[in-house]
Amino acid sequence: MFSTMITYFPNSKVFRLDTRTTSYAFFADPNGFLLHLHYGARVSDGDALVALARREQRPSFQPQPAGVPWPFSRDTAPQEISGVNTGDYRVPGLSIRWDDGSLAADLRYVSHEIRPGAPDMGDLPGAFAGDDKDVETLDILARDAARGASFHLLYTVFPATDVIVRSVRIENTTDSPFTIERVASAQLDLRRDGLHLLQLPGAWVRERHAERLPLGGGIHTMRSVRGATGHSMNNAFALLSSDATESQGDAWGFVLCYSGNFRADVDTDPFGSTRAVTGIAPDTFSWKLAPGESFQAPEVFLAYSAEGVGGMSRRFHDFMRGHLIDQKWAKAPRPALVNCWEAAYFNFNAEKILAIARDAASLGAEMIVVDDGWFGRRDNDKVSMGDWFENSAKVGDMADLVRGVHDLGIKFGLWFEPEMIGEDSEIFRAHPDWVMCIPGRDRSIGRYQYLLDFTRPEIVDAVVDTVAGLASRAGIDYLKYDMNRNHTEAFAAALPPERQGEAAHRFILGVYRFHRLLLERCPGLLVEGCSGGGGRFDAGMLRYTPQIWCSDDSDAVERTRIQGGTSIFYPCSTMGAHVSACPNHQVGRITPFETRATVALAGTFGYELDTTKLSDEDRALVPKQIADFHRYHPLTLAGDHYRLSNTWSDNAVDAWMFVAKNRSSGLLSVVRRRAVPNGNDVVLRLRGLDPAARYEVGELGVWSGDTLMGAGIPVPVPCHDAASMRLPIRRA
Ligand code: DGJ
C-alpha cells in the first residue's frame, strides 16, 4: 500500500520516515551529529528540511565541540540522542562510564541500513510486523567519537497505524569494558515550548487518573523505582499543544514497552525547545558491557496525531492490537467470567466454587476463576506464598475440580503469583536462598512475602515448571498472573559487585522469560495480567497478557476515571473490568447494577461477585448483560474508541463511544458520576460516524451522522448519582 516508508536523501543526509498521516525527519550534519528536524504532520520535502535545524548564534556559555565552527552548540541542537559531559546540559539520553572512569558520550553518524520488518528484541517484548509487508526499520549506526563503541538507533515505521517504534542497541566494539549508566529508548527534541503534559499518576485502587498540566521551564520527571511500572505513575505520557482537546490539536504520545523501573523526563529549555527522554530508570540501573557484548534497550512507541488526544489513542489502540498483542488473542472473543476474589476471598472450598460455577453457567457466564487461597495451607495472606500445589482439604484434586467445571460447559481459570515467596511456605523451607535480598541487611516484607530472585534463570525455570505442570495436569484454560508488592533490597546474588546495577533490569527480564516459557509449555492458555489491580499495566506485559485486571477498585464511578485514563494509551479490550457487589468493597458506594455493567462493558467483561447471592432483580439482568457483552465485544476488540468527555477532568458526566471500523454500528455509554441538582441537560456530540449516513441511537430517534456529530443530541440520563445509559447505534 505504501511505496516508501523510509527515505534517505544522500545529498543532505536527511532521513524521512513517513506513516499514513505523519512524518519524522532528522539528518546527519557534516560533523556527524544526528539532528532532529520534524515530527508531526506528513511533509513531502527531503533535502529542504535541513533548513529546520537550528543555527542561532549562542554566547560562549554554550561551548561548541572541538573542530566545529561557532555558533553550533550541543546545548541547543535538537538531537536524536544526546550524551553527557560534552556541552549538552539538558537531560541526556546516554551516559557511559569508560574504563578510565570518565563519563561522556559523543555520538557521530557512521552508516545506516534500511531493512524490511521489525527487529527481534531478544529477551524483551517488542512490536512485530505480523502480516504487514509495509513495516520497515532504519538502523543508524553511530560511534562514540573518542572510543569507537557502536550505538544503533533503531526506528521501525508502522505506516498503517501511524506509529514509529524507537530503541537503542549498544555494542561494545572496543577492547575494554565500559558501563552504561543511562540509555534512553528514545529522545525527542521538539522545537516547541508552551506544551502541556498528559500523564497518568495514581495509587493502588486509584490508578491512571489522567492529569494535564502546562509545562513551564525546567524538568518534569515521571518514574518508578518500585521494580515494576507501579500504581503511582504509568510509563506512557503525551505532549500536547496547549489548544489540544480530545478531538483536535497536536498530541505526541510515548508508550514505553517495558514493565520495570522507568524514568521519563520532559525538559523544557530556555530557547523554545522541549525534550522528552524515556527509558529504563537510570536511578537504579547500570550495565557493564564487556568487549563483544551488546545491550538492547526496550522499545518506545511514538504516535503523533493532529486530531488531538483521541486521535493519538486510536492510533495506539490499532497499533497494539495489530503489532503487540498475541494475534491469537488480539481480536478473539474473551470469555465472560466470574472471578471469585470479591465473591469469597479466602473462604471457599470445591463445593462452593462448583455452586457458584453452576449458577453462573446457568446465567450465561463462560468461565469461573478461582482466585487466591487454593494452594498450600492458604486460608489467609500470611502463609504458603509460592506453594503452587493444591490445598486438597479445600479444593480436592485440582484436576477433579476443573473437570467438574468443564462438565458445566464453562472454562476454568486459576490465580498465581509466580514472582513471590512467603517465609511460612514449603518453597522457603526448601530454598531459603531463593529470596532476593542483600546479604547482611534486613529484608523488607510486603504482604508477608518476599521476591524470588528472578535474576537467576534457574529459579524462573523451576517456577515455570511447577506452574505449567499444574496448569497442564489439571487442564486449566486461563491464568491470572498477580504481583502484590514493590521491590526492596534489589540484589542479584549470582552477579559480582560491579554488576549489581543490573539486578532490577535482569529481574524484569526474568519475568518476561517466565511468560515466554509458560506460553511455550501451555500455548492455549489465556493469561490475564494483574498487580494488585493495575500496578503493572504496560505495553511490555501486554505482549504476553492480552488483558490486565485494570484496578482492584471495582466501583463503577471510580472505574470511569481509571478506565478512561487507561484508554488514553491502551486498547479497551485489554482492560479487565467486572461487575461487583454493592455496597462496593473498596469505597462503599451503591450504584445501579446496570451502571456497573455499562462500565464493565467498556473492557473485557466479567463479574466479581457470588452470583448465588444476587437479588432476583439483579439476577434477571445478568443474561441480558452477558448478551450485551457478546453484542458489543467485537467493537471493543476491533472498533474505534472515542471519549466524549475530557478524561483528564473530574467530570460530572462521562461519556464514550465505540464505533465499528465500517461505521455501521456503535455503542454510546453515558455515566452520571455525580448528580448536579437542577443542572444542565446532557447534550452529546457524537464522533466517528459517517456524516452522510443516518443512525438510530437507541430508542432516542434517527438522525444523520452530521447532525449527531455537528449539533449533538440531548441524552436523557436520569439525574441521579451513578445513573447510566448505554445506547446501541445502528446505521438506519
Ligand atoms: C490482588 C488482585 O488485584 C486481586 O484481584 C486478587 O487477586 C488479590 N490480589 C488476591 O490476593
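Points to keep in mind about this one:
- Considering the stretch 543-564, and only residues there that are within 15 Å of the ligand (Cβ to nearest atom) and aliphatic (A, V, I, L, M), the residue that is nearest to LEU337 (Cα to Cα) turns out to be ILE548.
- Residues of the stretch 569-582 satisfying the condition of being over 10 Å from the mean Cα position of the chain (by Cα), outside any strand (DSSP E or B) and either more than 16 Å from the ligand (Cβ to nearest atom) or closer than 26 Å to LEU509 by Cα (or both): CYS572, SER573, CYS582
- Looking only at the stretch 8-29, residues that are outside any strand (DSSP E or B) and touching a residue at least 24 places away in the same chain (Cβ under 8 Å) come to 7 in all.
Conditions tested, residue by residue: (1) under 15 Å from GLY83 (Cα atoms); (2) modelled with pLDDT of 95 or more; (3) not basic (Lys, Arg).
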position	(1), (2), (3)
MET121	no, yes, yes
ASP131	no, no, yes
VAL157	no, yes, yes
ALA160	no, yes, yes
VAL165	no, yes, yes
SER176	no, yes, yes
ILE180	yes, yes, yes
ARG192	no, no, no
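- Residue match in the stretch 89-98 (condition: modelled with pLDDT of 95 or more, of a type in the set (D, E, K, R) and either on the phi < 0 side of the Ramachandran plot or surrounded by fewer than 18 Cβ atoms within 10 Å (Cβ to Cβ) (or both)): yes
- Check on ARG441, within 16 Å of the ligand (Cβ to nearest atom) and either of a type in the set (Lys, Arg) or surrounded by 15 or more Cβ atoms within 10 Å (Cβ to Cβ) (or both): no
- Comparison of VAL370, VAL300, VAL395, VAL309 shows that the only residue that is within 16 Å of the ligand (Cβ to nearest atom) and surrounded by 24 or more Cβ atoms within 10 Å (Cβ to Cβ) is VAL370.
- Long-range neighbours under 7 Å by Cβ, at least six apart or interchain, first residue closer than 21 Å to THR466 by Cα and without any contact (Cβ under 8 Å) to a residue 40 or more places away in the chain within the stretch 361-381, second away from the ligand (no atom under 15 Å from the Cβ) and part of a strand (DSSP E or B): PHE375/GLU390
- If you go through the stretch 417-438 and keep only what is farther than 22 Å from ARG378 by Cβ and either of a type in the set (Phe, Trp, Tyr) or exposed (fewer than 15 other Cβ atoms within 10 Å of the Cβ) (or both), you end up with ASP433, ILE438.
- Pick from the stretch 78-88, criterion β-branched (Val, Ile, Thr) and under 31 Å from the mean Cα position of the chain (by Cα), ranking: modelled with the highest pLDDT: ILE81
- For the stretch 676-692, a residue qualifies if it is among the hydrophobic types (A, V, I, L, M, F, W, C) and either at pLDDT below 95 or surrounded by 16 or more Cβ atoms within 10 Å (Cβ to Cβ) (or both), and the qualifying residues are VAL676, VAL682, LEU684, LEU686, LEU689.
- For the stretch 574-586, taking the residues that are touching a residue at least 60 places away in the same chain (Cβ under 8 Å) and in contact with a strand residue (DSSP E or B) (Cβ under 6 Å, 6 or more places away or on another chain), the one that is surrounded by the fewest Cβ atoms within 10 Å (Cβ to Cβ) is identified as SER580.
- Between ARG403, ARG447, the distinction of being within 15 Å of the ligand (Cβ to nearest atom), surrounded by fewer than 17 Cβ atoms within 10 Å (Cβ to Cβ) and farther than 30 Å from PRO497 by Cβ belongs to ARG447 only.
- ASN349 touching a residue at least 40 places away in the same chain (Cβ under 8 Å) and among the polar types (S, T, N, Q): yes
- Number of positions in the stretch 322-353 that are within 16 Å of the ligand (Cβ to nearest atom), crowded, with 17+ Cβ neighbours inside 10 Å and of a type outside the set (Phe, Trp, Tyr): 8
- Failed condition for VAL383, given (1) more than 15 Å from the ligand (Cβ to nearest atom); (2) of a type in the set (A, V, I, L, M); (3) surrounded by fewer than 22 Cβ atoms within 10 Å (Cβ to Cβ): (1)
- Considering residues of the stretch 668-684 that are among the charged types (D, E, K, R) and touching a strand residue (DSSP E or B) at 6+ places or on another chain (Cβ under 8 Å) only, the residue nearest to CYS719 (Cα to Cα): ARG672
- Subset tally (residues that are assigned to a helix (DSSP H, G or I) and in contact with a helix residue (DSSP H, G or I) (Cβ under 6 Å, 6 or more places away or on another chain)) for the stretch 622-653: 5
- Selection count, the stretch 480-521, where residues are touching a Ser or Thr at 6+ places or on another chain (Cβ under 6 Å), of a type outside the set (Gly, Ala, Ser) and away from the ligand (no atom under 16 Å from the Cβ): 4
- Test for GLY529: is it in contact with an Asp or Glu (Cβ under 8 Å, 6 or more places away or on another chain) and more than 28 Å from ALA723 (Cα to Cα): no
- In the stretch 137-160, the residues that are in contact with a strand residue (DSSP E or B) (Cβ under 8 Å, 6 or more places away or on another chain) and outside any strand (DSSP E or B): ALA145, ARG147, ALA149, PRO159
- Residue pairs meeting the criteria (Cβ under 6 Å; at least 6 apart or on separate chains; first part of a loop (DSSP other than H, G, I, E, B), in the stretch 539-559; second of a type in the set (Phe, Trp, Tyr) and modelled with pLDDT of 95 or more): PRO546/TRP329
- Flag for ASP461 being crowded, with 24+ Cβ neighbours inside 10 Å, under 20 Å from TYR512 (Cα atoms), touching a residue at least 40 places away in the same chain (Cβ under 8 Å) and under 28 Å from the mean Cα position of the chain (by Cα): no
- Scoring GLY540 on the criteria (1) more than 16 Å from the ligand (Cβ to nearest atom); (2) surrounded by fewer than 24 Cβ atoms within 10 Å (Cβ to Cβ) leaves a single failure, condition (2).
The values are calculated or read from the model by the stated rules, or taken from the named source; none is laboratory data. The shown structure was predicted, so the numbers you read here are calculated from the model rather than taken from an experiment. Virtual Cβ from ideal backbone geometry, glycine too; neighbours counted across all protein chains shown.
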